[in-house]
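Take a look at the structure below.
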Amino acid sequence: MTTTNRIDSLSRYHLLGRSGLRVSPLALGTMTFGTEWGWGSPKDTAHRLLARYLEAGGNFLDTADGYTNGTSEEIIGDYFAKQGGRDGAVIATKFTVNTSPGDPNAGGNGRKNIHRAVEGSLRRLKTDYLDLYWMHAWDGITPMEEVMSTLTDLVRVGKIRYIGLSDVPAWYFARAQTLAEREGWERVVALQLEYSLVERNIEREHIPAALELGASITPWSPLASGLLSGKYTREGLVAKGEGRLPAVQGRGNPGMEKLFTEKNWRIVDTLMEVARELDKPPAQVALAWVTRRPGVASTIIGATKLEQLEANLRALDVEIPEAQSAKLDAAGRPELVHPYIFFENAFFTSGMFTGGTSVRAEPTWFRPAVR
Ligand SMILES: NC(=O)c1ccc[n+]([C@@H]2O[C@H](COP(=O)([O-])OP(=O)(O)OC[C@H]3O[C@@H](n4cnc5c(N)ncnc54)[C@H](OP(=O)(O)O)[C@@H]3O)[C@@H](O)[C@H]2O)c1
């Protein structure tokens, strides 16, 4: 490895939650490794992306058993089998997605599925341990005690090193973490949630909970699947241009359809304006904004082309001055609804609550993360 190709900011590692695991501030998302879903990269491109990310100093890879029907994990496994270096990487994968239609125990978060899923991921990744094992999403069914005790057992037998929760309600995480502390289970080190200039709902509950309970946030889709790259034009609310969005819109996926709103296009306009003012690509500005939000340890970026990855890896070096930062913050600020209005409005906080006195709220986790 040559040192000239390194990007210093990528190897200024962050600890993941209250743990000893060091991760790069940008993780490489690999949901687009494999062409099975119609908008990913073939294996040779994926290997080039992986090689470049590692060469630049990145160490944190995000995959899932369900991504491209297992191909994403296989591509990563093949890479390290051929190139070596697996121990230097922090490999994170996920369980929950049902991969055998008709079999209720081949998906979800029950113990039977977790054991089935971990063996499949280890096989496809060609490794004998996972650095971080995510519950991909709350299944709304399995008792939390079953999930947390099963994951704890997997840590104890050495199949996984750390535990994370993705796409869960904040109350679920808060209860899981509190029970873990009481029962002596392994604690949750990170939450993986959608977070970007156009998706800021986690600022209400998840970020304050993570700060309070010692877990990090690892945002996914920080460019809103490419909407915030600035490469799309709009026709009504529809995105036009080369890339994933035209391929997925109109297919009934609610996670994608929610992107195409008047509000989001206005946020794109503000981003473009700020990017012009800073003379930086909009994708870099959008990523720089996410990486600096409270609680964020590592942002999971996606790229299907080498030049996209190269540009995005430089986002950590982009400074956003206060005036531009305020513009971006205002553009997509979540609506101040009940009961949060009580905690963030001076009428209540310095008037009704503290009797007009000035009270310095320490420690920092007491401060709402929203603004
Ligand atoms: N836990 C979960 O439920 C969950 C859900 C989704 C994703 N994830 C994780 O998060 C990772 C990232 O998600 P994502 O791929 O949606 O992230 P994203 O950063 O929002 O979107 C990445 C896409 O934007 C486009 N793009 C990126 N950089 C660009 C640039 N500089 N110029 C122009 N276009 C650019 C590319 O799409 P084109 O191919 O269209 O060019 C790229 O694939 C995934 O790989 C996965 O690991 C987790």
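The values are calculated or read from the model by the stated rules, or taken from the named source; none is laboratory data. Predicted, not measured: the structure shown is a model, and the values here were computed from it. Glycine also receives a Cβ, built like all others from the backbone with ideal geometry; neighbour counts cover every protein chain displayed. Please note that ligands, DNA and RNA were not included when accessible areas were found on the heavy atoms of the full protein model with its side chains. Shrake-Rupley method; radii C 1.70, N 1.55, O 1.52, S 1.80 Å.
When SER100, SER121 are compared by accessible surface with a 1.4 Å probe, the order from highest to lowest is SER100, SER121.
Ranking of GLU55, GLU262, GLU73 by solvent-accessible surface, largest first: GLU262, GLU55, GLU73 (1.4 Å probe, protein heavy atoms only, all chains present).
Heavy-atom accessible area for GLU307, with the other protein chains in place and a 1.4 Å probe, reaches approximately 130 Å². Note on the chain: with a GNM built from Cα contacts shorter than 10 Å, the maximum mean-square fluctuation among ASP103, ASP44, ASP153 falls on ASP103.
In a simple Cβ point-charge model (Lys, Arg +1; Asp, Glu -1; nothing else charged), region 214-271 has a dipole of about 40 debye relative to its Cα centre. Rounded to the nearest Hz, the phi-derived 3J(HN,Hα) couplings of region 160-170 under the Karplus curve 6.51 cos²θ - 1.76 cosθ + 1.60 (θ = phi - 60°) are 10, 9, 9, 10, x, 10, 10, 6, 10, x, 4, where x marks glycine and proline. In straight-distance terms, cross-link reach from LYS126 covers every one of the aspartates and glutamates whose alpha-carbon lies under 17 Å from its own, apart from those fewer than eight places away in the same chain; here that gives ASP62, ASP65, GLU73, GLU74, ASP78, ASP87.
Volume of the convex hull of the chain (Cα atoms only), normalised per residue: 152 Å³. Computed over the alpha-carbon atoms, region 177-328 gives an Rg to Rh ratio of 1.01, Rh here being the Kirkwood radius from the mean inverse distance. Springs join every pair of Cα atoms under 10 Å in this Gaussian network model of the chain, and among ALA190, ALA323, ALA81 the largest mean-square fluctuation is at ALA323.
Using C-alpha pairs below 8 Å separated by at least 6 residues, the relative contact order for region 1-130 is 21 percent. Within region 16-151, the proportion of Cα pairs with more than 28 Å between them is 17 percent. About its Cα centre, the dipole of the chain is roughly 260 debye, where the only charges are +1 on Lys and Arg Cβ and -1 on Asp and Glu Cβ. For the chain, the relative contact order works out to 16 percent when only alpha carbon pairs closer than 8 Å and six or more residues apart are counted. For region 241-284, the set of trypsin sites (Lys or Arg not before Pro) satisfying both a DSSP loop assignment and a count of at most 16 other C-beta atoms within 10 Å is given as ARG251, LYS258. Counting only DSSP beta bridges with both residues in the chain, the antiparallel share comes to about 20 percent. Between region 32-52 and region 232-261, the C-alpha centres lie 22 angstrom from each other. Across region 110-225, Cα pairs under 8 Å and at least six residues apart give a relative contact order of 22 percent. Each Lys and Arg adds +1 at its Cβ and each Asp and Glu adds -1 at its Cβ; summed about the Cα centre, region 17-75 shows a dipole of about 300 debye. Within the listed set MET256, MET31, MET272, the Gaussian network model of the chain (springs between alpha-carbon atoms below 10 Å) gives the highest mean-square fluctuation for MET256. Of the residues LEU130, PHE95, ALA210, the one whose Cα sits farthest toward the positive end of the charge dipole of the chain, with +1 on the Cβ of Lys and Arg and -1 on the Cβ of Asp and Glu, is LEU130. For region 105-198, the residue among ALA117, MET144, GLN177 whose Cα projects farthest onto the positive side of the dipole built from Cβ charges is ALA117.
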